[in-house]
C-alpha cells in the first residue's frame, strides 16, 4: 500500500474482470459472428486482461446472441495465467460448461424481486434453490464459482433496494461456495455517498476480497463510485471494453464502466493493472469493428494524452 494525494492509502495493484464478450454483446441486436467474438477475446487477452467472461450458457431462446456458447468456448484456449468464465443459469448450463472444459462459471440474480423475476423468471427464493443444484456440484468438480447480484443500488421496477436484503443474498451465495460476489449497479443510479454506505455494510459483514463492483455508467457516476470502493478496500472491478453493453431488463441502462476509462484512472493513481492501455484501445477498436457501430468509452474515443508539435 502507498500513499497518494487523493487517498490515505492506495493499493499497489487491482484486478479487472472483463465482461464485454458476454455482458456487452448480449444486448446487441445485430448478431456478432463467432470469429468476431473470438477476435475480441484474443485482443483483450493481448492487452493484458487475465479474467474474461466469454459467454453465457443461457437458452438461445432468451439470448440468441449467445447461442454459440459451446462453439466459442471450444474455439478459445486460455493462455497460461488466463481464466475464461461463463454464466450458468441452471444445472443444464453447468453441464454445458463442464463439457467444454471451463474452469470457472458465474451465477447471477437480482437483489430486487421484480427485476429477478423479469431477468430469470423466478423468485429470489426459487433462484437460490436452483443455485443449490449448481454451486456445490461445480465446486466438487473443481470449478470456481463467482456470483453477480444485480440492482443493489436501485431497481427499474421497484426503485430503492434495501442493502440488508442484498447482503443476505450475498452471504447465502458465499455459503454455497461462491468465491466472490460482484455487486451490480445495473441501472447506473448510484452516487458516491450511497456507494460508501453499501460497501461499508458489506465490508463489515464479509471479507473485502469476496466483494467486487460491477457499475454501469448510465448517469456518468461509475468512476466516482469506483473511487469510493477503492478507498474502502475493494480491489476487484468489472468493466466492459469501450463501455459496450446494457441490460435487456433495465430499460435505458448504459453499459458497464469502460475498461479503458477505468485503466486510465487507475494508472493515473499509480496503481498497476497488468494492462497495456494502447493495446486495450486496440481491443476497443476490434469491438467496434465486430459490433459495427461506434462505442461510447471516453478514453476509447479520445485516447490517452499525446503531445503534438504545433504546426508552423
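Scan 239, 283, 224, 287 and give me the residue that is surrounded by fewer than 19 Cβ atoms within 10 Å (Cβ to Cβ), in contact with a helix residue (DSSP H, G or I) (Cβ under 8 Å, 6 or more places away or on another chain) and modelled with pLDDT of 95 or more. Residue meeting the stated conditions: 224. If you filter the range 193-221 down to residues that are within 13 Å of residue 14 (Cβ to Cβ) and more than 13 Å from the chain's Cα centre (by Cα), you find that the one that is surrounded by the most Cβ atoms within 10 Å (Cβ to Cβ) is 208. Hey, could you check the range 290-312 for residues that are under 18 Å from residue 37 (Cβ atoms) and touching a helix residue (DSSP H, G or I) at 6+ places or on another chain (Cβ under 6 Å) and say which is surrounded by the most Cβ atoms within 10 Å (Cβ to Cβ)? So the residue we want is 295.
Could you pull out the residue among 70, 104, 80 that is over 30 Å from residue 160 (Cβ atoms), within 18 Å of the chain's Cα centre (by Cα) and modelled with pLDDT of 95 or more? Explain how you work it out, then say what you get.
Details: 70 fails: within 18 Å of the chain's Cα centre (by Cα); 80 fails: within 18 Å of the chain's Cα centre (by Cα).
Going through 70, 104, 80 in turn, the sole match is 104.
Restricting 252, 190 to those that are under 24 Å from residue 300 (Cβ atoms), at pLDDT 95 or above, more than 13 Å from the chain's Cα centre (by Cα) and in a loop (DSSP other than H, G, I, E, B) reduces the list to 190. Residues in the range 193-221 that are under 28 Å from residue 175 (Cβ atoms), in contact with a helix residue (DSSP H, G or I) (Cβ under 7 Å, 6 or more places away or on another chain) and part of a loop (DSSP other than H, G, I, E, B): 1 in all.
Of the residues that make up the range 152-164, is at least one under 18 Å from residue 26 (Cα atoms) and modelled with pLDDT of 95 or more? No: zero hits.
The values are calculated or read from the model by the stated rules, or taken from the named source; none is laboratory data. Because the structure is predicted, anything quoted here is derived from the model rather than measured. All Cβ positions, even for glycine, are placed from backbone atoms using ideal geometry, and neighbour counts span all protein chains on display.
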